[in-house]
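Heads up: the structure comes next, in structure tokens.
The values are calculated or read from the model by the stated rules, or taken from the named source; none is laboratory data. Quantities reported herein were computed from a predicted structural model and do not represent experimental measurements. A quick note on method: Cβ atoms are made from the backbone with ideal geometry, for glycine too, and the neighbour counts reach across all protein chains shown. Side chains included, ligands, DNA and RNA excluded: accessible areas come from the protein's heavy atoms. Shrake-Rupley method; radii C 1.70, N 1.55, O 1.52, S 1.80 Å.
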Amino acid sequence: MKVLVIGSGGREHAVIRKLKENKEIDTIWCAPGNGGISADAVCVDIKAMDKEGLVSFAKENSVDFCVVTPDDPLAAGMTDAMEEAGIPCFGPHANAAIIEASKAFSKELMKKYGIPTAAYEIFDNPDQAKEYIRKTGKYPVVVKADGLALGKGVLIATDENSAMDAVTEIMEDHAFGASGNKVVVEEFMTGKEVSVLAFTDGKVVKPMISSMDHKRANDNDEGLNTGGMGTISPSPYYTPEIAETCMKTIFQPTVDALNAEGRTFRGCLYFGLMLTPEGPKVVEYNCRFGDPETQVVLPMLKSDLFTIMKACHDGTLADTDVEWADGACACVIEASGGYPQHYEKGYEISGLDENGQYEGVTVYHAGTKKADGKYLTNGGRVLGITATGKDLSEALEKAYAAVEHITFKDMHYRTDIGRK
């Protein structure tokens, strides 16, 4: 089998390393990939949004299966284009990927089908949004850009001034581009946040092991929102009872709702949940594997990932085993100093072997490139240092021990992943 994985980050690296366990696969390409991925797959210099270029490559190289992981290509119809060319894909079609591509769509879907979420209003006029916030007068309040914003288009305002600034930043200053043409103004929910990714073939939902992301740049959940500074799996707050409630009130109803709308979803559906005093509610949906949640979920998967992906595409997930290992997994992100704002690139990374790895952990490369046999920083989030253990404490101990040895200039990481 020849497989093409589209994307370039730590999530893609985690997917590729798991796919390599399948003995039927003899070639994995990654477009465009990165320095660390090049040790595990053949990197192809085609951008993830280049539908025409990627479809041509897939046809010319007789690709048997394509895995589309980032949100932008999914929302832009990469799966549609590949399947029109006769190449089966793991990843939803564009009309289903809208569940992430438009927060307004997802909120309206939840309202229509009675799926629990925060109260909200949608605005395409900044003055009306500001007037609504002033009139409501409830703080904190959440202001979200409607479209895709690399996981950063959500602002939590603690008072009227910061709420007005949030609307201005998104809708008038266009901090997230056209994604901010509309905003969702949402009530602030309290509780523990949990991420649950789920495999689905459009009928059956098989949730993955739970995880917990750490979004803020600095310790104690302070600083700016980022794409994620570290993760643990499973979440200690996600009990079997809560899982059962989520399946009945959120997971299956979401897949059924999409079917009812003529938007059948096949692939990985991500549920960002808040465990509120009134029960679990949806914070957000993603139409793909989360990053960096994937880096702690897939190492815990005992079953074969490629078999599951094919089953999602073929509609045979009900007959496919999805088993998880005992224990825990932890991932600590090593980021460039200044991330998620301005940062420098091109610093040499020390402590890695020739394959970009370090003994005792798995190093997932997010923003690296390889030049003259050296690994260099090439992004905001650079590496995900990931370890498994019999419990969370052991996994964290292993991951942080490795962080001490894998370093680069101006490196920044959180010291409190999983501590609370």
Looking at Y375, Y339 in this structure, which one is assigned to a strand (DSSP E or B), in contact with a strand residue (DSSP E or B) (Cβ under 8 Å, 6 or more places away or on another chain) and among the aromatic types (F, W, Y)?
Y375
Out of K138, K107, K111, I need the residue that is among the basic types (K, R), part of a helix (DSSP H, G or I) and without any contact (Cβ under 8 Å) to a residue 60 or more places away in the chain. Which one?
K111
Scan region 326-361 for residues that are among the β-branched types (V, I, T) and surrounded by fewer than 23 Cβ atoms within 10 Å (Cβ to Cβ) and jot them down.
none
Scan region 270-291 for residues that are within 16 Å of the chain's Cα centre (by Cα) and under 15 Å from V194 (Cβ atoms) and jot them down.
Y270, F271, G272, L273, V282, V283, E284, Y285, N286, G290
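Can you confirm whether I87 is open to solvent by less than 40 Å² (accessible area, probe 1.4 Å) and not in a helix (DSSP H, G or I)?
It is true that I87 is open to solvent by less than 40 Å² (accessible area, probe 1.4 Å) and not in a helix (DSSP H, G or I).
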Applying the selection to region 90-117, what residues are within 19 Å of T200 (Cα to Cα) and charged (D, E, K, R)?
E100
Only listed residue being closer than 23 Å to N286 by Cβ and hydrophobic (A, V, I, L, M, F, W, C), chosen from A101, A163, A129:
A101
Scanning region 116-134 for residues that are part of a loop (DSSP other than H, G, I, E, B) and open to solvent by 10 Å² or more (accessible area, probe 1.4 Å), which turns out farthest from S179 (Cα to Cα)?
P116
Among E160, E100, E108, E131, which is of a type in the set (D, E, K, R) and in contact with a Cys (Cβ under 6 Å, 6 or more places away or on another chain)?
E100
If we take region 223-306, then strands (runs of 3 or more DSSP E) inside it with 1 or more residues that are on the phi > 0 side of the Ramachandran plot and open to solvent by 10 Å² or more (accessible area, probe 1.4 Å) are 279-286
Looking at region 57-84, which of the residues that are among the charged types (D, E, K, R) and in contact with a Cys (Cβ under 8 Å, 6 or more places away or on another chain) is surrounded by the most Cβ atoms within 10 Å (Cβ to Cβ)?
D71
How many of the residues making up region 141-176 are exposed (fewer than 14 other Cβ atoms within 10 Å of the Cβ) and touching a residue at least 24 places away in the same chain (Cβ under 8 Å)?
1
Residue hits (region 54-113; polar (S, T, N, Q) and out of contact with any strand residue (DSSP E or B) (no Cβ under 9 Å at 6 or more places or on another chain)) are S56, N95, S102
For region 389-413 the number of residues that are outside any helix (DSSP H, G or I), hydroxyl-bearing (S, T, Y) and under 16 Å from G360 (Cβ atoms) is 0
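Looking only at region 1-56, which residues are hydroxyl-bearing (S, T, Y), crowded, with 16+ Cβ neighbours inside 10 Å and assigned to a helix (DSSP H, G or I)?
S38
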With the condition kept exactly as written, say whether any residue in region 355-365 is touching a strand residue (DSSP E or B) at 6+ places or on another chain (Cβ under 6 Å) and of a type in the set (S, T, N, Q).
yes
Subset tally (residues that are out of contact with any helix residue (DSSP H, G or I) (no Cβ under 6 Å at 6 or more places or on another chain), assigned to a loop (DSSP other than H, G, I, E, B) and either open to solvent by 10 Å² or more (accessible area, probe 1.4 Å) or within 24 Å of H412 (Cα to Cα) (or both)) for region 187-222:
7
Expected single match for under 21 Å from I122 (Cα atoms), among the aliphatic types (A, V, I, L, M), touching a Pro at 6+ places or on another chain (Cβ under 8 Å) and not in a strand (DSSP E or B) among M164, M171 is M171
Here are some conditions: (1) more than 20 Å from I16 (Cα to Cα); (2) surrounded by fewer than 15 Cβ atoms within 10 Å (Cβ to Cβ); (3) modelled with pLDDT of 95 or more. G373 meets all but one. Which one does it not meet?
(3)
